[in-house]
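The values are calculated or read from the model by the stated rules, or taken from the named source; none is laboratory data. Source: prediction; values computed, not measured. Methodologically, a virtual Cβ is constructed for each residue, glycine included, from the backbone with ideal geometry; neighbour enumeration extends over all protein chains shown.
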Amino acid sequence: MSEPKMSRDGAFIGASVRRREDPRLLTGAGRFVDDIELTGQLHAQFVRSKVAFGRILDVDLEATRATPGVVAAFAADDLVMAPIAALLDRPFEQFRPTEMPVLAHDTVRFIGEPIAIVVARTPYAAEDGVEAARVEYETFDAIVSTDAALAHGARRLHDGAPDNVFVDVSLFDTPGLDEAFERAAQVVEMTIDSGRQNALPLETRAALAEWDERESQLVLHTPTQVPHLVRTATAASIGVPERAVRVIVPDMGGGFGLKCVVGREEIAVAAAAKRVGKPVKWIEDRKDALTASFLAREQRYVARAAFAADGEFLAFECDVVCDMGAYSCYPFTAGIEPLMASGEMPGVYRLGAYRVRGRAVATNKAPTAPYRGVSRPQYVMLLEQIMDQAGRQLRMDPLDVRRRNLITEFPYTSINNITYDPGSYLESLDLCEQMVREEGWFERQAEARAQGRHIGIGFACFSERTGYGSSAFAARKMLVVPGFDISDIRMDLDGTVTVTSGTMSHGQSHETTMAQIVADGLQLDISRVKLHQGDTDRITYGFGTFASRSAVIGGSAVQLAARALGEDLLEIAAHLMETNLDNLELRDGSVHRRDTPDERLTFEEIARVAYLEAHRLPKGVSPGLHATASFDVTNDGTFSNATQAAVVELDPDTGAVKILRYFCVEDCGVAINPQVVEGQARGGIAQGIAGALFEEVTYDANGEPSCASFMDYCIPTAMEMPDIRLAHLETPCIYNETGAKGAGEGGTIGAVGTILGAVNNALEPTGTLLERTPITPRAVHAAMTGGTR
Amino acid sequence: MSERHLIELQVNGEPHELLVEARETLVDVLRHRVGATGTHVACEHGICGACTVLIDGEPARSCLVLGVMADGHEIRTVESLADESGLNDLQEAFTACHSLQCGFCTPGMLMLAEGGIPHLEDTSREEVRELVSANLCRCTGYETIVDAVEQVAQQRRSEDPTVTEGASA
């Protein structure tokens, strides 16, 4: 159920245009990496570490190589592959540079780490070969918590990080912070823990590599959110020029951040394919996807917040410790989580004084990659619990504590030095509260409480920086600085348009939304526009799709390219129609004269001249119709915002949390396609609920992950998910071309804190506060009965 | 190398004679020997349902069935749903309701619904939700999938002459 945004008259932007991706995906005609079959193709699997921490004494692949169907097996020393190094330009006390070898050769640092690649005629034979491998280790005690990693005398995972700390930053330290705590009416103390999660795209990671002798080029088909970054890392590792690697991304079954870093396996597959001279395909199985790919979100926030008697948020101090696992991911580095949390708190709230320390700690677990929202679901959960607790301590309505502190005047430069562009922080809270009130939930909660039932209502207010430009990533001191995007547009002689973008859709509907932007920009029908993505040979560079950047940055580049092409069409038409540019306009796939509107040249007629009758072109105009444009964000970016609310009921017998109702009021500026925005919101909220209530990868004392299948890693089904009531506000982005802000992550960012807030609201009569996700039935039951968690 | 068997499958109405390893799963046979790659593999242990196909009309996890076990049976995959006139009602509802994003779970969801709808007793939202809960989707949050399946289940039921009004109430 939703209250849709109004579409603008006659325009494609703002309309819920049917998805152009759907026909092929609905008929089984989509093409994912595993659907591609190359002549002579071989299949790879990996020998993986069975110990969490140890020294490799011997890798014996004799029996593997003798296994029927096995063609080759390579350990680290058998292939030339330089390690992957993700770096920040920060001094040693803030950042310890480390490397991730493509195949482990000396030390193994987590269970599942790749040690050797086995290449065979069938996937089944490759697995036989893996089973036959023998690896001997000298085993060390596994380090499975940040406390153990930071303990004095702990064995170091990396020589480069002597104290097992990848990143350690202390920021802001506003003068007067300690005094603010002293004069505060109330101080709220809160420790929030978040469990380790898997982003879990339904399509696992994959690679299909082939050396093309004719092009002197390694062609790598792989489902990645960042094709050019995979090209750069692969070329550097296997020691070939950048142009000698071509990364192709066909249809892609989700990513959610897990596929926006470079994995070791795709590089190993590329190196193996080059060596054996035949195409090699690797499809990750679910066990490896759960245990040996990239995980996220294992964080602890220890915080103190000072409030005045009227609810003013005076001061905030926080220590953030992120368990990043064994390696730093490329290109973001292990700084991804602590730098996001430290740099972007206190989010939507005005604050007098701020001090934060953020650390990325190395442990013997699968490494961390960005996952939808990156740290923001966790710090929003922290801040929203603090607002609720401040309300309890100050005997104020917790929503009024929020109202007292929400940013309401824009642009606003916060204590964290970020300047926030206009948003609807207060308006979204007011509307969300009104929706909850209209449905009578506050009364129903009071009635339920009187009957001894445990119903809780939780709210979360937040904003999300979307479209991080080069300057934002440079401020993080990344050595590989993502940010801009390039778009290339071409009109063929029949008047149809192909637009190429450096972004990379994997569920976000770019084929539809980018085409909407072009169709409006050129004033032609959307059926005449085709988007191309996912081939590094088709565009010079691009940073793909992550951090809700595609509509904001990629969409703006596409719009600028369309505009440039439109200007070319007008210039040629002016010459052919013997009139001035300002007497012409683009309309209905044609260039029309303004003085005699019936007189026009269709794009097809103009394009025909541009290609087949170039002698008729104006002087100085090159044949063909082609334009390129780029876009970057040079300020602090644009912030989407939302308020979410949940109504939950706790089962006193089982401790189960049932979501009775879910509300979301979102504002992502101009929604290019409202139905797509709603899809992102619903799907994002679902992933937030998953993290709040269900999903966690735990490790035993030996570093053995508990979740090797969907039997132990419980992702929610339709039975656990509520229907969501959505409403929209629109505060357009004033810095970019489309007015659109990012919409990919907000759902997830708000949902974890909303659910925890609702559960804690339901638990209020018990006097217990839960401070950890996932919120297990056991923890809820213990809170309700006074038992142990 | 495991032992091989000659099997006969009807796949979307076409007969196939195939020499398969005993250990080869039906989904691998369909994808890599028959070439029907519309059916996807996402867990290989029968939980996610991405590989759902119809065996003799009933939804089944084709990763939990060996190719040899399907010998002599009739299989329907996602490739059978549309015809020359276009998408079927279920596919049409999925696109209208935005019931898919990345599209990886979609073939399994469609075949689950295609095979499951005839077994629904009252086509209520809760009953449809329970049917959809057999399969996993990571993108949509399920609400729009439930919308599409509910809509088609009710439409098909209203067009079915064997169902009398209020029969299952």
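In table form, for the structure just shown:
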read-out: Among the candidates A:Thr776, A:Thr748, A:Thr731, A:Thr738, residue that is touching a Lys or Arg at 6+ places or on another chain (Cβ under 7 Å) and under 24 Å from A:Arg372 (Cα atoms); value: A:Thr748
read-out: Count of residues meeting criterion [touching a residue at least 40 places away in the same chain (Cβ under 8 Å), surrounded by 18 or more Cβ atoms within 10 Å (Cβ to Cβ) and facing another protein chain (nearest Cβ under 7 Å)] in the stretch A:706-720; value: 2
read-out: Where B:Gly72 falls short, out of the listed (1) within 11 Å of another protein chain (Cβ to nearest Cβ); (2) part of a loop (DSSP other than H, G, I, E, B); (3) touching a residue at least 60 places away in the same chain (Cβ under 8 Å); (4) not acidic (Asp, Glu); value: (1)
read-out: Breaking point among (1) within 14 Å of chain B (Cβ to nearest Cβ); (2) at pLDDT below 95, for A:Gly69; value: (2)
read-out: Residue, nearest to A:His510 (Cα to Cα), within the stretch B:106-126, restricted to residues that are without any contact (Cβ under 8 Å) to a residue 60 or more places away in the chain and among the charged types (D, E, K, R); value: B:Arg125
read-out: Residue identified as touching a Phe, Trp or Tyr at 6+ places or on another chain (Cβ under 6 Å) and closer than 25 Å to A:Val33 by Cβ among B:His45, B:His40, B:His16, B:His32; value: B:His40
read-out: Single residue of the stretch A:30-53 satisfying the filter (over 27 Å from the mean Cα position of the chain (by Cα) and surrounded by fewer than 21 Cβ atoms within 10 Å (Cβ to Cβ)) that is nearest to the other protein chains (Cβ to nearest Cβ); value: A:Glu37
read-out: Qualifying residue in the stretch A:89-105 (condition: more than 16 Å from A:Tyr330 (Cβ to Cβ) and among the hydroxyl-bearing types (Ser, Thr, Tyr)); value: no
read-out: Failed condition for A:Ala671, given (1) closer than 30 Å to B:Ala134 by Cβ; (2) assigned to a loop (DSSP other than H, G, I, E, B); (3) in contact (Cβ under 8 Å) with a residue 24 or more places away in the chain; (4) not aromatic (Phe, Trp, Tyr); value: (1)
read-out: Residues within the stretch A:666-688 that are more than 30 Å from A:Ala11 (Cα to Cα) and at the interface with chain B (Cβ under 8 Å from one of its Cβ atoms), tallied; value: 2
read-out: Total residues in the stretch B:89-105, condition more than 7 Å from chain A (Cβ to nearest Cβ) and touching a residue at least 24 places away in the same chain (Cβ under 8 Å); value: 6
read-out: Tally, over the stretch B:123-149, of residues that are assigned to a loop (DSSP other than H, G, I, E, B) and either facing chain A (nearest Cβ under 10 Å) or at pLDDT below 95 (or both); value: 10
read-out: Residue within the stretch B:40-52 that is at positive phi, in contact with an Asp or Glu (Cβ under 8 Å, 6 or more places away or on another chain) and within 9 Å of another protein chain (Cβ to nearest Cβ) present; value: yes
read-out: Search result, residues across the stretch A:276-292 that are crowded, with 24+ Cβ neighbours inside 10 Å and either touching an Asp or Glu at 6+ places or on another chain (Cβ under 8 Å) or more than 14 Å from every other protein chain (Cβ to nearest Cβ) (or both); value: A:Val280, A:Lys281, A:Trp282, A:Ala292
read-out: Flag if A:Tyr735 is more than 14 Å from chain B (Cβ to nearest Cβ), at pLDDT below 95 and touching a strand residue (DSSP E or B) at 6+ places or on another chain (Cβ under 8 Å); value: yes
read-out: Strands (runs of 3 or more DSSP E) (entirely within the stretch A:37-117) containing at least 1 residues that are more than 18 Å from A:Ala271 (Cβ to Cβ) and touching a residue at least 24 places away in the same chain (Cβ under 8 Å); value: A:54-60
read-out: Which numbered condition A:Ala727 fails, given (1) surrounded by 24 or more Cβ atoms within 10 Å (Cβ to Cβ); (2) hydrophobic (A, V, I, L, M, F, W, C); (3) not in a loop (DSSP other than H, G, I, E, B); value: (1)
read-out: Qualifying residue in the stretch B:127-135 (condition: under 28 Å from A:Pro223 (Cβ atoms), surrounded by fewer than 24 Cβ atoms within 10 Å (Cβ to Cβ) and either in contact (Cβ under 8 Å) with a residue 24 or more places away in the chain or not assigned by TED's automatic domain parsing to the domain that holds B:Gly38 (or both)); value: yes
